[in-house]
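S.K.: Below are the structure tokens for one structure; questions will follow.
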Amino acid sequence: MVTPFQLAGHQVDPGQRRVLQLALAQLYTQSPLTMPLEVIHGKHPGPVLLICAAIHGDELNGIEIVNQVLARINPARLKGTLIAVPVVNVFGFIHKSRYLPDRRDLNRCFPGSVKGSLGSRAAHFFVDNIVSECTHIIDLHTGAIHRSNLPQIRAKLDCDTTSKMAESFGAPVILDASIRDGSLRSVAESRDIPVILYEAGEALRFDPVAIKAGTRGILNVMRTLGMLKPTATNKVKMSPMIAKSSNWIRAEQDGLLHLKARLGDRVSKGQNLGFISAPLGAETCEVIAARSGIVIGCLTMPLVNEGDAVCHIASFDAVKQAERSVERFVDELDIHPQTF
Ligand SMILES: [Zn+2]
């Protein structure tokens with residue numbers, strides 16, 4: 001028998017879905033600021049999955065992914081509970097900014113405290129009211145402003161459940177990524193809550209590939225966790241490739257970037273990926289791949305200063321297999337690679 005679900009003083013009965021507005025803070029106009037979320041409490045017992053987006057307030061793909069997932073869930077069939085928070089950093093979202101009004105990064109403020117900075121209080125609010133109620137987490141991100149990411153999962157794969165979630169998501173690449181202090185992942189890990197992070201697309205943009213892959217990925221994980229019935233189409237046709245490491249190639253001079261390499265491309269060590277030119281004159285500087293691998297992140301804006309990160313390359317033991325994994329991913333989504 002499933003009991004009602006309690007969250008921040010609100011109750012959601014089995015088989016019910018409720019939109020809640022949690023009182024987060026006040027703006028300096030003294031207007032109340034709330035964090036909107038939706039809880040779908042299934043009629044059958046199961047995990048409590050938190051899906052959340054826009055911890056960085058300008059990362060929009062995840063917001064759309066959350067909405068598309070919510071539209072596909074039927075509470076009568078759901079096993080367990082889905083907590084969906086489309087915008088965690090409400091402050092930054094209002095200002096189209098990655099950061100909080102005090103310029104802090106909310107994803108460096110966890111677990112936070114009641115009497116700390118604005119960021120610390122917001123992080124504590126989120127942990128105390130929401131993270132504390134869940135058993136699994138999928139945290140949705142995009143690249144930074146003017147930087148786009150190939151759909152990829154970042155997770156610490158030494159936990160079996162985390163590893164299963166990461167694989168079943170179905171992104172073409174998984175980065176076995178260490179956990180940064182102050183991140184949502186760090187607080188989840190300290191509470192033994194399996195957590196995966198999905199990165200795809202670019203800040204302040206909707207990217208159809210990132211959204212489609214993210215929506216499909218969350219539904220895949222929910223099936224793997226037993227929250228949704230497996231379907232015939234749920235066969236994971238490809239095994240994502242786990243990158244052994246990754247690094248950014250940096251601009252070696254200031255100027256205008258002409259990048260030939262695209263997200264998902266396989267590149268070889270020493271390969272020319274493009275060049276940087278001056279606004280006038282013929283002097284150019286080549287952009288050279290420092291290692292072989294797959295391009296998983298790219299600068300999308302051509303103006304660069306020396307030292308700017310231009311191209312993110314993930315290395316694999318079997319790079320050809322990784323390339324096939326990207327190709328299969330593109331085929332399955334039925335979207336041409338040029339649209340990345
Ligand atoms: Zn982010």
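The values are calculated or read from the model by the stated rules, or taken from the named source; none is laboratory data. These numbers come from a predicted model, not from an experiment. Ideal geometry is used to build each Cβ from the backbone, glycine not excepted, and the neighbour counts take in all protein chains shown.
S.K.: Taking the residues in segment 107-123 that are surrounded by fewer than 20 Cβ atoms within 10 Å (Cβ to Cβ) and not small (Gly, Ala, Ser) as candidates, determine which candidate is nearest to the ligand (Cβ to nearest atom).
M.R.: My answer is Arg108.
S.K.: Taking the residues in segment 97-106 that are within 16 Å of the ligand (Cβ to nearest atom) and over 13 Å from Ala144 (Cβ atoms) as candidates, determine which candidate is farthest from the chain's Cα centre (by Cα). Break it down into steps so the answer makes sense when it comes.
M.R.: Let us first name the residues in segment 97-106 that are within 16 Å of the ligand (Cβ to nearest atom), namely 97-100, 103-106.
Keeping just the survivors that are over 13 Å from Ala144 (Cβ atoms) gives 100, 103-104, 106.
On the way: Leu100: 19, Arg103: 21, Arg104: 19, Leu106: 15 Å.
Going through the qualifying residues, I end up with Arg103.
S.K.: Can you name every residue in segment 79-106 that is surrounded by fewer than 22 Cβ atoms within 10 Å (Cβ to Cβ) and under 28 Å from Arg223 (Cα atoms)?
M.R.: Lys79
S.K.: Now, a different point. Condition check: more than 23 Å from Val19 (Cβ to Cβ) and either touching a residue at least 24 places away in the same chain (Cβ under 8 Å) or hydroxyl-bearing (Ser, Thr, Tyr) (or both). Does Lys115 satisfy that? Outline the logic, then answer.
M.R.: Numbers: more than 23 Å from Val19 (Cβ to Cβ): yes; either touching a residue at least 24 places away in the same chain (Cβ under 8 Å) or hydroxyl-bearing (Ser, Thr, Tyr) (or both): no.
In short, no.
S.K.: Output yes when any residue across segment 228-240 is surrounded by 21 or more Cβ atoms within 10 Å (Cβ to Cβ), within 17 Å of the chain's Cα centre (by Cα) and modelled with pLDDT of 95 or more, and no when none is. Even if it seems obvious, please write down each step before you answer.
M.R.: As a first pass, look at segment 228-240 and keep what is surrounded by 21 or more Cβ atoms within 10 Å (Cβ to Cβ): 228, 240.
Of the ones still in play, those that are also within 17 Å of the chain's Cα centre (by Cα) are 240.
Remaining after also requiring modelled with pLDDT of 95 or more: none.
Looking for residues that are surrounded by 21 or more Cβ atoms within 10 Å (Cβ to Cβ), within 17 Å of the chain's Cα centre (by Cα) and modelled with pLDDT of 95 or more, one finds none in segment 228-240, hence no.
S.K.: Name the pairs: first residue in segment 124-146 and over 25 Å from Lys96 (Cβ atoms), second residue of a type in the set (Phe, Trp, Tyr) and away from the ligand (no atom under 14 Å from the Cβ), Cβ to Cβ under 8 Å, at least 6 apart or on different chains?
M.R.: Pairs found: Glu133/Phe5.
S.K.: Could you tell me which of the residues Ile249, Ile211, Ile196 is more than 30 Å from Ile40 (Cα to Cα) and at pLDDT 95 or above?
M.R.: Values: Ile211 fails: more than 30 Å from Ile40 (Cα to Cα); Ile196 fails: more than 30 Å from Ile40 (Cα to Cα).
Only one candidate passes the filter, namely Ile249.
S.K.: Can you tell me which condition Met165 does not meet? The list is (1) within 16 Å of the ligand (Cβ to nearest atom); (2) buried (at least 24 other Cβ atoms within 10 Å of the Cβ); (3) closer than 29 Å to Ser245 by Cα, and all the others hold.
M.R.: For Met165, the exception is condition (1).
S.K.: One residue is enough: does segment 262-275 have a residue meeting the conditions of a type in the set (Lys, Arg), assigned to a strand (DSSP E or B) and touching a residue at least 12 places away in the same chain (Cβ under 8 Å)?
M.R.: Filtering segment 262-275 down to residues of a type in the set (Lys, Arg) leaves 262, 266, 269.
Okay, now just the ones that are also assigned to a strand (DSSP E or B), so 266.
Narrowing the set further to residues that are touching a residue at least 12 places away in the same chain (Cβ under 8 Å) leaves 266.
Yes, segment 262-275 has at least one match.
S.K.: Sticking with this one: Take the residues in segment 142-154 that are more than 11 Å from the chain's Cα centre (by Cα) and either outside any strand (DSSP E or B) or modelled with pLDDT under 95 (or both), then tell me which one is nearest to the ligand (Cβ to nearest atom).
M.R.: Ranking the qualifying residues of segment 142-154, first place goes to Ala144.
So that you can scan it fast, the table gives a plain yes or no per residue for (1) more than 16 Å from the ligand (Cβ to nearest atom); (2) in contact with a Leu (Cβ under 7 Å, 6 or more places away or on another chain):
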| site | (1), (2) |
| --- | --- |
| Leu140 | no, no |
| Lys156 | yes, no |
| Val173 | yes, yes |
| Arg180 | no, no |
| Gly201 | no, no |
| Asp207 | no, no |
| Ile211 | no, no |
| Arg216 | yes, no |
| Leu219 | yes, yes |
